[in-house]
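Some notes on the structure that comes next.
Derivation of every value follows stated rules applied to the coordinates shown; laboratory data play no part. Nothing here was measured: the structure is a model prediction, and the numbers come from that model. A quick note on method: Cβ atoms are made from the backbone with ideal geometry, for glycine too, and the neighbour counts reach across all protein chains shown.
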Amino acid sequence: MFSYCKRRFLEIEDWLRYHPRARSWLCHWKSWRGGSVADLCAAARLADDPEVERELQQQIVGAVEQIDIKAVDWTEFVPDFRDGQIHKAAILKPYIAPHERGVVFISFESQWAKLLAMRDVREFADRYTVVISPSSSPHNFINYVFPRAWPAPIFTLISNAHDLNVLPHVSDRFVVVPLYASHWVNPDLYEPTPRSARQYDLIMVASWSKVKRHHVLFSALRSMPKDLRVLLVGQDQDDRTADTIRELASWHGVEDRLTILTNQPYREIPKLFGQARASVVFSKREGSCVVVAESLFADTPAALLKDAVIGSRVFLNEQTGRLLDEGELARDLTALIRDADSFQARGWAEANISCYQSTQVLNDILRSHAVSQGSTWTVDLVPQQWSPDPMLARAEDRRQLANERQTVLKQFGLEIGPPTATTQA
């Protein structure tokens with residue numbers, strides 16, 4: 001009875017978090033409660049009605065126009081605003097000349113906001129084109145206010161196809177690039193294991209946070225064969241650990257079917273994906289969700305819920321994976337495992353979404369824009385990968401751009417890229 005009550009409480013809490021009426025009520029409450037940009041952004045993130053979202057976005061833009069940019073206390077949103085460390089980033093092209101800027105790629109709002117801590121913002125913008133990669137929804141304070149403070153066009157990736165319509169209305173300084181964070185996986189890091197040698201039927205790579213919804217898998221496993229082998233790979237988040245997940249599994253009586261690995265180094269992730277027949281994601285809402293692309297390059301078909309608002313769902317097709325009906329999850333997962341060997345996930349991924357292809361797409365967009373503005377373009381971008389943060393894909397490029405990295409550090413006080421960027425082989 002105790003386990004049943006725990007399961008029911010978890011299911012009700014989850015139902016309330018995602019139910020359209022609950023989200024609509026919360027959206028209206030947050031928009032009514034106050035007129036701050038942060039409140040309005042929170043409301044816009046909850047809006048499922050496109051008209052409501054557009055109205056809220058207009059209010060946000062109007063509110064941002066009233067902000068004194070020079071008076072913004074950025075440390076309220078980025079506590080380490082002035083530390084000069086922008087580690088989730090990469091220099092993709094060095095500064096060449098006054099008419100040919102370099103290119104800096106920065107992921108996550110809290111990282112690119114640090115550019116504004118420089119004394120010479122205008123000089124940096126004259127030397128480098130900035131490309132940013134949002135973490136998820138475009139409706140957040142930094143995403144709206146940063147373009148007003150940055151004195152040049154900003155090239156922004158998307159997290160969801162919906163962003164193609166939203167981002168142009170955030171700021172006219174945004175140039176939208178139709179690529180996700182999940183477009184930058186390096187196929188060279190993946191050596192798929194022969195299917196006959198794979199140890200697990202399913203793998204789920206996700207933090208231990210509630211939003212990853214591990215309980216959905218555990219509930220389905222109760223109606224599936226007991227000899228299934230399931231691998232969970234995650235990391236501590238929101239005060240939840242692997243022990244939290246083990247307890248959840250025990251409430252469902254499936255703890256003996258799981259292998260749980262926690263806080264693994266990234267170099268292990270490609271290997272672990274290659275040990276499973278199929279991968280699953282049970283989040284209702286995320287950004288682009290890089291693990292979907294990582295699974296495909298391991299030649300492991302991936303599955304999402306059919307109503308999931310996740311950017312990488314556009315990668316799923318008859319070659320790469322399936323969309324699951326949560327109401328028939330045990331049935332759909334059983335079929336996915338049964339049919340896993342019929343997919344050609346890696347072949348499709350190599351042909352469509354590798355980091356090398358994505359670098360070329362970005363290069364073409366930046367070159368076209370530069371030429372249209374009267375600038376020159378004689379040097380192309382070097383390829384970058386997401387592993388798990390942006391970094392240059394080739395050791396020779398990391399060595400060649402090490403001097404540029406030092407120049408930026410000396411001239412602007414910014415450490416661009418991971419601390420080990422100059423030493424990684």
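Here are the numbers:
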{"read-out": "Fully extended contour minus Cα-Cα distance, from Ser342 to Leu228, at 0.36 nm per residue", "value": "39.1 nm"}
{"read-out": "Near-label residues of segment 197-229 by backbone N, under 20 Å of a point 7 Å along Cα→Cβ of Arg331", "value": "216-226"}
{"read-out": "Alpha-carbon centroids, segment 274-326 and segment 191-235: separation in whole Å", "value": "13 Å"}
{"read-out": "Cα-based shape type of segment 273-348, given that a ≥ b ≥ c are square roots of the gyration tensor eigenvalues and the cut on a/c is 1.5", "value": "oblate"}
{"read-out": "Chain lengthening between Asp68 and Asp172 when straightened (0.36 nm per residue, less Cα-Cα)", "value": "35.6 nm"}
{"read-out": "Percent of Cα-Cα distances greater than 21 Å, calculated over segment 2-66", "value": "35 percent"}
{"read-out": "3J(HN,Hα) from dihedral phi, segment 171-187, Karplus parametrisation 6.51/-1.76/1.60, rounded to Hz, x for glycine, proline", "value": "7, 6, 8, 7, 10, 7, 10, x, 10, 9, 4, 6, 7, 10, 6, 8, x"}
{"read-out": "Among (i) 126; (ii) 200; (iii) 149, the entry derived from the coordinates for volume of the Cα convex hull per residue in Å³", "value": "(iii)"}
{"read-out": "Where Cα atoms sit under 24 Å apart: lysine pairs in the chain separated by 8 or more or lying on different chains", "value": "21"}
{"read-out": "Sites Ile260 and Asn165, calculated FRET efficiency, Cβ-Cβ separation with R0 41 Å, nearest 0.05", "value": "0.55"}
{"read-out": "Burial order of peptide ranges 5-14, 160-169 (average beta-carbon count within 10 Å, highest first)", "value": "160-169, 5-14"}
{"read-out": "Computed [θ] at 222 nm, helices only, for the chain once each DSSP H run of length n ≥ 4 contributes -39500 (n - 2.57)", "value": "-11500 deg cm²/dmol"}
{"read-out": "Qualifying trypsin sites (Lys or Arg not before Pro) in segment 195-252, DSSP loop, other Cβ atoms within 10 Å at most 15", "value": "Arg222, Lys226"}
{"read-out": "Principal-axis tilt of helix 37-46 within the chain, Cα atoms, nearest 10 degrees", "value": "40 degrees"}
{"read-out": "The chain - share of DSSP beta bridges that are antiparallel (%, nearest 5)", "value": "20 percent"}
{"read-out": "Prolate/oblate/rounded call for segment 185-303, Cα gyration tensor, a/c under 1.5 rounded", "value": "oblate"}
{"read-out": "Inter-label distance for Glu123 and Thr75, nm, one decimal - labels placed 7 Å from Cα along Cα-to-Cβ", "value": "2.4 nm"}
{"read-out": "Under Karplus coefficients 6.51, -1.76 and 1.60, residue-wise ³J(HN,Hα) of segment 245-257 in Hz, glycine/proline x", "value": "5, 4, 5, 4, 4, 5, 4, 9, x, 10, 4, 7, 9"}
{"read-out": "Fraction of beta bridges assigned by DSSP in segment 172-301 that are antiparallel (%, nearest 5)", "value": "10 percent"}
{"read-out": "For Thr129, residues with placed amide H under 5 Å, excluding near neighbours", "value": "Gly102, Val103, Val104"}
{"read-out": "Simple label model, 7 Å out from Cα along Cβ direction - Val379 to Ala152, nm", "value": "1.4 nm"}
{"read-out": "Computed FRET value (nearest 0.05) for Glu51 with Asn403, which takes r as the C-beta separation and R₀ as 60 Å", "value": "0.70"}
{"read-out": "Gaussian network model of the chain, Cα within-10 Å springs - most flexible of Asp364, Asp380, Asp73", "value": "Asp73"}
{"read-out": "HN-Hα J in Hz across segment 349-356 - Karplus 6.51, -1.76, 1.60, θ = phi - 60°, x for Gly and Pro", "value": "5, 4, 7, 10, 9, 6, 4, 6"}
{"read-out": "Amide H contacts of Arg229 (H built 1.01 Å from N, under 5 Å, at least 5 apart or other chain)", "value": "Asp201, Leu202"}
{"read-out": "Residue of Asp236, Asp120, Asp227 that the Gaussian network model of the chain assigns the largest fluctuation, springs spanning Cα pairs under 10 Å", "value": "Asp227"}
